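Engineer: Sharing a structure below in structure tokens format, with a few things to ask.
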Amino acid sequence: MTLWLLPRLKLLFGIAAVMVVLQLINSLDGYSLNRFGLIPREVQALPGIALAPWLHGSWLHLFGNLSGFMVLGALALLESRAEFIRASLFIIVVSGVLVWLFGRTGIHVGSSGWLFGLWGLLLGRAWFRRSFADLLLAALALLLYGGFFYGLLPQQGVSFEYHLAGALCGGLYASWQRGGQKRRTRKRTRQG
């Protein structure tokens, strides 16, 4: 394995390990940690914006999210570790705020908003950049996770709001990222 890839994969496995440890604690404690999830329009639940992606309602919920997260996370990490971290923070915070503002009443937990955000990021990069590499990664994301489109529709017991907000935030970040690259290119051109 090439050396540049190893630290990036360590980051993904570290995130996965934190989620598994939290799930173990949560499941042994009767899922009491889920009270720290995101509850729309409840001021005391604002910390849930940052905490909800790390908490899950069951082991099945965790591993359902984690399998896709590892694959899409690895694809997103091909750009750079720093860009993955910035995109992830944007997706987590902005999608969390959107769910807090517009989500259905109840406790929202799970990393699916982050997962859908990475999916949206990969699709958005292909749309806005149109490079061969980005188109290839988006095609792979669509091939593997094309069924995510159904996750954007309302379903009982599923936070489709997090799915939708995450996907939108991933696409928005890709658009913003492209704009930043254009500005840097113009600045270098003027200086050179």
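Engineer: In the stretch 139-153, what residues are assigned to a helix (DSSP H, G or I) and under 17 Å from residue 73 (Cα atoms)? Show your work before the answer.
Structural biologist: Of the residues in the stretch 139-153, the ones assigned to a helix (DSSP H, G or I) are 139-145, 148-151.
Hits for the stretch 139-153 are 139, 140, 141, 142, 143, 144, 145, 148.
Engineer: May I ask you to list the residues in the stretch 1-39 that are within 13 Å of residue 109 (Cβ to Cβ) and outside any helix (DSSP H, G or I)?
Structural biologist: Within the stretch 1-39, 31, 37, 38, 39 qualify.
Engineer: Only residues that are in contact (Cβ under 8 Å) with a residue 60 or more places away in the chain and of a type in the set (Val, Ile, Thr): list them for the stretch 7-41, please. First the steps, then the outcome.
Structural biologist: Initial filter on the stretch 7-41 (in contact (Cβ under 8 Å) with a residue 60 or more places away in the chain): 7-9, 11-12, 19, 34-35, 37-41.
Passing the criteria: only 39.
Engineer: Mind counting the residues in the stretch 154-192 that are assigned to a loop (DSSP other than H, G, I, E, B) and either modelled with pLDDT of 85 or more or under 19 Å from residue 94 (Cα atoms) (or both)? Break it down into steps so the answer makes sense when it comes.
Structural biologist: The first filter runs over the stretch 154-192 and keeps only residues assigned to a loop (DSSP other than H, G, I, E, B), leaving 154, 156-157, 159, 192.
Keeping just the survivors that are either modelled with pLDDT of 85 or more or under 19 Å from residue 94 (Cα atoms) (or both) gives 154, 156-157, 159.
Of the residues in that region, 4 qualify.
Engineer: Exactly one of (1) in a helix (DSSP H, G or I); (2) farther than 25 Å from residue 138 by Cα; (3) of a type in the set (Gly, Ala, Ser) is unmet by residue 82. Its number?
Structural biologist: Of (1) in a helix (DSSP H, G or I); (2) farther than 25 Å from residue 138 by Cα; (3) of a type in the set (Gly, Ala, Ser), only one is false for residue 82: (2).
Engineer: Kindly indicate whether any position in the stretch 128-138 is in a helix (DSSP H, G or I), over 30 Å from residue 31 (Cα atoms), within 14 Å of the chain's Cα centre (by Cα) and not hydroxyl-bearing (Ser, Thr, Tyr). Even if it seems obvious, please write down each step before you answer.
Structural biologist: Restricting attention to the stretch 128-138, the residues satisfying the condition of being in a helix (DSSP H, G or I) are 128-129, 132-138.
Checking which are over 30 Å from residue 31 (Cα atoms) leaves us with 128-129, 132-138.
From the residues that got through so far, the ones that are within 14 Å of the chain's Cα centre (by Cα) too are none.
The answer is no, given that none of the residues of the stretch 128-138 is in a helix (DSSP H, G or I), over 30 Å from residue 31 (Cα atoms), within 14 Å of the chain's Cα centre (by Cα) and not hydroxyl-bearing (Ser, Thr, Tyr).
Engineer: Let me ask something else about it. Pick from the stretch 63-93 the residues that are surrounded by fewer than 18 Cβ atoms within 10 Å (Cβ to Cβ) and polar (S, T, N, Q): which of them is farthest from the chain's Cα centre (by Cα)?
Structural biologist: Checking each candidate, the answer is 80.
Engineer: Can you find, within the stretch 17-62, the residue that is nearest to residue 117 (Cα to Cα) among those that are of a type in the set (Gly, Ala, Ser) and crowded, with 20+ Cβ neighbours inside 10 Å?
Structural biologist: Filtering the stretch 17-62 for residues of a type in the set (Gly, Ala, Ser) gives 17, 27, 30, 32, 37, 45, 48, 50, 52, 57-58.
Going one step further and asking which of them are crowded, with 20+ Cβ neighbours inside 10 Å, we end up with 37, 48, 52.
Details: 37: 18, 48: 17, 52: 14 Å.
The extreme case among them is 52.
Engineer: Has the stretch 101-124 got at least one residue that is surrounded by fewer than 20 Cβ atoms within 10 Å (Cβ to Cβ), without any contact (Cβ under 8 Å) to a residue 40 or more places away in the chain, among the aliphatic types (A, V, I, L, M) and in a helix (DSSP H, G or I)?
Structural biologist: No, the stretch 101-124 has no match at all.
Engineer: For residues in the stretch 1-37 being modelled with pLDDT under 95 and in contact with a Lys or Arg (Cβ under 7 Å, 6 or more places away or on another chain), which is nearest to residue 103 (Cα to Cα)?
Structural biologist: Step by step, filter the stretch 1-37, then rank; the result is 8.
Engineer: Residue 59: within 15 Å of the chain's Cα centre (by Cα) and modelled with pLDDT of 95 or more, yes or no?
Structural biologist: Values: within 15 Å of the chain's Cα centre (by Cα): no; modelled with pLDDT of 95 or more: yes.
It is false that residue 59 is within 15 Å of the chain's Cα centre (by Cα) and modelled with pLDDT of 95 or more.
The values are calculated or read from the model by the stated rules, or taken from the named source; none is laboratory data. Note that this is a predicted model, so its numbers are computed, not measured. Note that we place each Cβ from the backbone using ideal geometry, even for glycine, and neighbour counts take in every protein chain shown.
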